[in-house]
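Scroll down for the structure; my scribbles are underneath it.
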Amino acid sequence: MREQTITLWVLPNHEFQTVPVLRAALKGFLKENPGVLVEIVPQTLHSIWNGLFDLVKNPSEVSGPDLVQIPGSWNAALAQLQALENLSELDPSLTLDSWQSMAGLYCRTGEDGSGIYSLPWWTEILALYYRKDIFARLGLDPSLLETLEGLKTACRKIRKETNGHGHFYPLANSNPRESILISDLVPFLWSDGGHLLDSKGGRALFQRGEAARGISLYLEFLNRGYMPLLGKSGLVPPSLFEGYCAMQFSRRWPKSMKNLGAVPFPAGSAGRFTLYSTQNLALVRGASSKSAAYRLLRYMTEPSRQKSYARSMGAFPAGPFEWEEMLSDPGLREVYRRSTSFMQGLPVSPIMGTLARIFERAMEGLIFQILSGQFRREHLESELAHAASQVDHILGQYV
Amino acid sequence: MNLPDLDLHGLLRLALPWISRASGAKRVSSFRLNVKESRLSLDLAYDQGQFQRTEEMIYLPQKSPFWALLTGKKAALSYKKPYPLLYVPLRWAGLSPREEALGVLRLEKPGGKKPFASGERNLAVLMAEELAQNLYQVDLDHKDKEQVRRLSALAELAAIFASSLRVEAGIRQILQGIQKHFRFDRVRLYLVDKSRQTLRGELSVDVRGKVKSLRQEEFPLRVGEHRFSNVLLGSGEGEVMEKYKDILLHLPLIVQGQPTGLLVVDNLLSQQSIQWKDVGVLKSFPAQIALAVDNARLFDEVQELSLYDTLTKLPLRRYFFQRAQEELYRAERFGQPLSLLLLDMDFFKQINDTYGHQVGDEALKAFSQTIVGVLRKIDFPCRYGGDEILVLLPQARREEAQMIATRLLSAIRSIRISVPFARIKEIPVSVSMGAAVYPEDGKTIEELIEKADAALYWIKSHGRDSAAFYQEIMAGVEEQPGLFQGDVA
């Protein structure tokens with residue numbers, strides 16, 4: 001039997017264990033499909049983005065994957081670029097009934113939303129975790145963490161007590177190794193009443209007062225040294241879950257809640273919001289092993305396998321589930337149950353992927369200023385204004 | 001190890017496990033230096049048999065200790081917290097003292113307490129030097145390949161420029177060629193319209209190579225009116241554009257010191273940086289593109305000159321005959337009717353002699369415009385001679401041709417040419433017309449023209465300001481007042 005190789009690009013979902021964990025998860029598929037090999041290639045967000053664009057621009061000279069993991073917010077952009085296969089055309093019986101409705105928003109595109117271009121694989125909800133022992137030792141009441149102002153107070157007190165000893169920080173980002181991503185910023189932006197785009201998705205709003213205030217608060221955490229940007233050793237300190245911070249925003253839940261507490265994302269002046277995000281799987285247009293790759297896609301997104309894979313990394317499946325199936329800690333279940341009432345996702349827009357990149361470039365400039373001790377609020381306003389005008393131009397051209 | 005076949009990641013996948021084993025580091029990561037952006041970016045990390053690519057950057061402000069490492073002032077940087085880690089430069093002996101290292105290697109012992117021993121450190125420095133040399137070679141190979149790609153692009157695009165004759169087709173090929181070879185999200189071309197003093201959009205090619213018209217975009221060609229006009233007139237892009245110089249380029253097209261157009265390329269959608277080496281190559285194109293576009297425009301103008309009469313804007317003989325042959329073929333093949341009219345302005349020579357050529361030209365222009373205004377869309381007039389207009393009437397039988405002739409007579413009679421300097425102030429215009437019908441009057445265009453001319457001659461010698469069909473003349477039909485006099489019965 002002739003061998004087919006499916007190339008699968010994934011993000012480092014399990015860091016260094018990404019390939020072994022996924023290979024174990026695909027054992028059943030390989031058994032059911034003798035003669036099919038799966039080459040798992042971990043990539044970064046940027047390399048996936050650039051790789052897919054290169055494939056669109058030069059399909060005859062560039063080789064790409066058959067199946068790819070993408071943030072759900074990229075679905076519309078990549079579908080519009082015709083980088084992805086329309087799964088509804090490939091499989092007319094395909095529906096999104098067995099997925100969470102919010103996850104389904106990030107799979108469809110097209111004028112009537114009829115095309116399904118990717119399937120949700122797993123989801124994340126942002127929450128705030130803290131060290132119970134440190135709070136107890138410092139006499140901090142965890143209810144402080146119900147608001148962003150309270151969080152600031154907690155950071156100040158912890159910073160004062162620990163004085164930046166070693167690599168200990170009051171607060172850590174959800175993904176310490178990465179630069180500031182849009183998913184780090186949006187809950188802050190929303191909490192102060194801001195928005196990324198207007199309700200029709202035709203104009204940028206993140207440069208406006210409320211949004212800029214929210215982003216400014218995030219940068220304040222960095223500028224005051226409450227949240228590490230970069231350790232002196234060039235190594236971003238390991239996370240709360242490895243014992244190096246007092247608190248951490250996290251999109252994943254830990255295996256053990258020993259000595260840990262959790263609260264939903266704190267409330268800002270405009271209320272309480274948190275980020276719901278999905279990771280999807282998509283079939284790349286022009287894939288050489290299309291039918292085998294589609295079978296793999298359906299295999300990986302089958303509800304029980306979704307649950308199992310999501311559980312292995314502290315995420316949630318994209319299909320319906322019971323909290324008890326995923327979280328053994330009742331306190332943690334309550335935190336996420338509460339979070340679902342005020343969670344929201346990034347706008348469903350064909351330029352979300354581009355907007356995210358524009359944001360990151362803007363933040364990179366600011367990171368440098370913060371590290372050099374030269375950050376001023378005006379720098380943020382200037383960067384946001386430039387970013388907004390670029391986004392408006394792109395919206396005018398492409399949407 | 002066959003180096004030329006290895007790319008960067010291939011080389012690192014061989015080297016990092018080897019370095020990990022030899023140095024005792026559980027985890028080894030390779031970072032590349034970006035001098036312009038003052039940061040180190042992770043290429044690849046290795047940890048106990050597994051590789052990982054993540055986005056990790058080490059920003060390097062001025063006082064960062066990493067600069068000492070990268071400039072060769074320090075051999076290694078060692079830290080004990082949060083666990084033992086060691087940085088060594090990717091620096092090989094071939095680098096001059098002033099050149100920065102290619103990047104750094106980070107060796108880690110997560111969870112360990114014992115720092116790197118001096119022996120382990122020295123070994124790490126040596127292995128990094130070996131890796132750096134190999135990385136340098138891989139870089140060179142990559143640069144060579146890129147250079148070959150650019151040269152191929154140059155050659156292919158130069159061929160396109162040289163062969164582009166017709167403006168629209170040529171522009172499309174040029175833009176698609178640039179988009180394909182340089183992999184831009186979008187390529188747009190704007191051309192100067194000298195008569196309107198504007199910069200007008202022509203075409204754009206998007207990320208998928210799809211062509212779109214930009215004709216709806218037009219900017220006055222004055223400083224301050226639009227960024228594109230500013231760039232083309234040498235006023236600069238403005239400070240704002242400095243931020244986007246990595247993803248958006250404006251390339252003015254100048255021919256003999258005169259602005260001809262503007263090429264705009266961007267990666268706004270992908271946000272991929274435009275490679276500076278591509279910029280260098282691209283900047284050599286505007287002159288060629290400008291010339292190619294200019295040549296294509298000249299070609300189009302010459303084509304137009306040879307097809308259309310400049311005064312009356314009517315097609316010339318050559319064009320008429322091409323079209324007439326097509327209509328004749330249709331008439332033959334499908335049995336469709338076809339007629340032909342030959343119109344001659346009455347007393348045109350006298351008008352020229354009496355009032356001057358300028359008035360004569362105005363008369364001809366009014367004459368032609370009036371004729372065109374009366375004709376059906378499918379009719380095809382041409383300037384046949386000095387004051388002679390030949391009109392092809394496809395799908396017109398004799399009766400229909402008669403109706404058209406009657407309307408023409410009436411419309412032309414209402415023309416008044418202004419001569420303010422003369423006593424009469426206005427001169428009327430009239431026309432003599434001969435008509436022929438296919439197939440009874442002839443089966444070729446030449447025959448039809450000959451018969452129409454004969455009928456015209458008859459009218460000229462029988463009072464002018466009227467029309468006649470060849471068949472009628474042959475039948476000896478007397479002119480009937482009321483018919484073909486412009487009065488509709």
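The values are calculated or read from the model by the stated rules, or taken from the named source; none is laboratory data. The structure presented is a predicted model; accordingly, all values stated were derived computationally and were not measured. Please note: Cβ atoms are built from the backbone with ideal geometry, for glycine as well, and neighbour counts cover all protein chains shown. We work out accessible area using only protein heavy atoms, side chains counted, and drop any ligands, DNA or RNA first. Shrake-Rupley method; radii C 1.70, N 1.55, O 1.52, S 1.80 Å.
Annotations
- Amide H within-cut-off set for A:Thr5, under 5 Å, with H built and near neighbours excluded: A:Leu37
- For the peptides A:195-204, A:358-367, the ranking by mean Cβ contacts within 10 Å, running from highest to lowest, is A:358-367, A:195-204.
- Portion, in percent, of the accessible area of chain B that falls on carbon or sulfur, probe 1.4 Å: 52 percent
- Base-10 log of normalised Debye intensity for the stretch A:1-141 (one unit scatterer per alpha-carbon) at q = 0.09, 0.12, 0.17, 0.21 Å⁻¹: -0.39, -0.63, -1.11, -1.46
- Solvent exposure of chain B as accessible area per residue, Å², 1.4 Å probe: 48 Å²
- Site pair B:His357 and B:Glu400 shows an inter-label distance of 4.0 nm when each label is modelled 7 Å from Cα along Cα→Cβ.
- In chain A, the longest principal axis of the Cα atoms and the axis of helix A:182-191 are about 50 degrees apart.
- On association of chains A and B, roughly 4700 Å² of accessible area becomes buried (total for both chains; probe 1.4 Å).
- Chain B: angle of helix B:167-182 to the longest principal axis, Cα-based, in degrees nearest 10: 10 degrees
- Averaging the sequence gap over all C-alpha pairs within less than 8 Å and six or more residues apart, then dividing by the number of residues, gives chain B a relative contact order of 8 percent.
- Highest-fluctuation residue, A:Ser216, A:Ser101, A:Ser339 considered, GNM on chain A with Cα pairs under 10 Å: A:Ser101
- Other protein chain Cβ atoms within 10 Å, averaged over every residue that makes up B:58-65: 5
- Interchain or long-range residues, amide H under 5 Å from A:Gly115's placed H: A:Thr109
- Restriction of the trypsin sites (Lys or Arg not before Pro) in the stretch B:1-74 to DSSP coil positions whose beta-carbon has at most 14 other beta-carbons within 10 angstrom yields B:Lys36, B:Lys63, B:Lys73.
- Taking the helices alone, chain B has a mean residue ellipticity at 222 nm of -13500 deg cm²/dmol, built from -39,500 (n - 2.57) per DSSP H run of at least 4 residues and averaged over all its residues.
- When +1 charges are put on Lys and Arg Cβ atoms and -1 charges on Asp and Glu Cβ atoms, the dipole computed for the stretch B:1-153 relative to its Cα centre reaches about 720 debye.
- Mean separation of Cα contacts under 8 Å (6+ apart) over length of chain A, as relative contact order %: 24 percent
- Against chain A, whose longest principal axis is taken from its Cα atoms, helix A:330-340 shows a tilt of about 80°.
- Taken residue by residue and averaged, Cβ atoms of other chains lying within 10 Å of the Cβ of B:80-86 number 4.
- Inter-chain Cβ neighbour count for A:363-371, averaged per residue, equals 3 (cutoff 10 Å, partner chain atoms only).
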